[in-house]
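Just so it is clear, none of the values below were taken in a lab; they were calculated from the coordinates. The structure presented is a predicted model; accordingly, all values stated were derived computationally and were not measured. Note that each Cβ is placed from the backbone with ideal geometry, even for glycine, and that neighbours are counted across all protein chains shown.
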Amino acid sequence: MIRSFFILLALTASTAHAGARQQMMTFTKNLQGLSSPFEQTVYNPAGKATEKSTGLLKLKAPRQFRWQTLKPYPQTIVADGNHIWIYDPDLEQVTVRNQSAEESNSPLAVLIDSSEMDRQFKVTEAATSNGLEWLLLKPKKPDEAPFEKALLGFSAQGLVRMELYDGLGQRTVISFTQWQRNPKFAATDFTFTPPKGADVVGDVTPGATVTPIRD
């Protein structure tokens, strides 16, 4: 689940449509925050679904996010701008580490900071399919990225689907159903306090910062 999140990261497009890149620019214009329910399915190299989950995603500029899986197994991942917190209620365990440039490799990051898209990825438009305009992202530094490529599918309502492919042939498909643009977030959405009694693994380093990768 955690791994599939961090990976939560060319054909000619039809000239009859605005194109996926334009859809992306329109979707991210004046964007400071996003929220949407999600449905995630992981497929093995044979194309068989091996894992399904649903939850809620929240993103806030510049590098804060909350990925909360609700079903089938609750899990919370919070990036507060300094640290990544991962809470597994079933194990009563919290894992914490410094938030690093690794998160900049996620395609989710470019939704809030679209300037990072061309810096981090080789971007091309893929053919229109299933009624969506597709944008293909390939990491410029593949040795440092946890996935080989990502496909972002856009409709008139914005990003509808994200597909990520890793080097082992595994595919992760994330569907978004109801984006809220620049919502009013709660003060606790991007902070995390370990629950009483939970084991905490890792160190909290004061003053840790997130620095986007630069060429």
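Tabulated data for the structure shown
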item: Compactness index (Cα Rg / 2.2 N^0.38 Å), region 111-203; result: 1.39
item: Per-residue ³J(HN,Hα) for region 30-38, Karplus 6.51 cos²θ - 1.76 cosθ + 1.60, θ = phi - 60°, Hz, x for Gly and Pro; result: 6, 9, 10, x, 9, 8, 6, x, 9
item: Length released on extending from residue 122 to residue 191, taking residue separation times 0.36 nm less the Cα-Cα span; result: 21.6 nm
item: Local electrostatic count, residue 26, Cβ distance below 15 Å [Lys/Arg +1, Asp/Glu -1]; result: +1
item: Across 29/71; 52/184; 71/196; 52/141, pairs whose alpha-carbon gap is larger than 26 Å; result: 29/71; 52/184; 52/141
item: Average Cα contact separation per residue, region 20-66, under 8 Å, 6 or more apart, as relative contact order %; result: 34 percent
item: Residue-count net charge about residue 161 - beta-carbon cut-off 14 Å; Lys, Arg +1, Asp, Glu -1; result: -2
item: Karplus-derived HN-Hα couplings along region 138-145 (A = 6.51, B = -1.76, C = 1.60, θ = phi - 60°), whole Hz, x at Gly and Pro; result: 10, x, 6, 10, x, 5, 9, 9
item: Segment residue 49-residue 82, extension gain: residue separation times 0.36 nm, minus the distance between their alpha carbons; result: 8.5 nm
item: Segment residue 129-residue 205, extension gain: residue separation times 0.36 nm, minus the distance between their alpha carbons; result: 22.8 nm
item: Region 2-185: mean projected area of Cα convex hull, nm²; result: 10.5 nm²
